[in-house]
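The values are calculated or read from the model by the stated rules, or taken from the named source; none is laboratory data. All of these numbers come straight from a predicted model, not from anything done at the bench. Using ideal geometry, Cβ is built from the backbone for each residue, glycine included, and neighbour counts are taken over all protein chains shown.
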Amino acid sequence: MPAKGDDFAKNYVPSRGDIVHLDWNPALGHEMKGPHYGLVLSQDAYNIGTGLVVVSPITSKVGKLSAFEFEVHAGRVNGVAVLSQFRTLDYQTRSIQYEGSISLEQIEEAARRVKMVL
């Protein structure tokens, strides 16, 4: 992974399985608000082609949503991705920052669980 300087931040395109930090506002109701970590679920081609990213919020509040919680440990992040609350966000306008990534096997399991929502 390249160094996290200004050029990296400007040119960063999230990849599937990345753990990112971004601002979730605006949010309503039970949606995650403010700056939080998230797990990138969308395919790289979608992220590159649209400037958007499908991401699930990560919280440290564990034990509330059973199969829709997915453990995430990467970099400074230790919590669960709330797979039932994924959102499509414009990563180019939200000061998105890379924190780490999970393995291919882990992202495939997360995607399998998201399919239960759809």
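A few points about this structure:
- Among the residues of the stretch 85-118, the one identified as outside any helix (DSSP H, G or I), free of Cβ contacts under 8 Å to residues at least 60 places away in the same chain and touching a Pro at 6+ places or on another chain (Cβ under 9 Å) is PHE86.
- Boolean, ILE102 is under 13 Å from VAL20 (Cα atoms) and in contact with a Gly (Cβ under 6 Å, 6 or more places away or on another chain): yes
Table: residues versus (1) among the acidic types (Asp, Glu); (2) under 15 Å from PRO14 (Cα atoms); (3) at pLDDT 85 or above; (4) surrounded by fewer than 18 Cβ atoms within 10 Å (Cβ to Cβ).
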site	(1), (2), (3), (4)
LEU28	no, no, no, yes
GLY63	no, no, no, yes
LEU83	no, no, yes, no
THR93	no, yes, yes, yes
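- Yes/no for GLY75 being surrounded by fewer than 16 Cβ atoms within 10 Å (Cβ to Cβ), in contact with a Gly (Cβ under 8 Å, 6 or more places away or on another chain), at positive phi and not charged (D, E, K, R): yes
- Qualifying residue in the stretch 59-67 (condition: free of Cβ contacts under 8 Å to residues at least 40 places away in the same chain, under 22 Å from GLY29 (Cβ atoms), assigned to a strand (DSSP E or B) and aliphatic (A, V, I, L, M)): no
- Any hit, the stretch 49-57, residues being under 21 Å from ASN11 (Cβ atoms), over 11 Å from the mean Cα position of the chain (by Cα) and surrounded by 19 or more Cβ atoms within 10 Å (Cβ to Cβ): no
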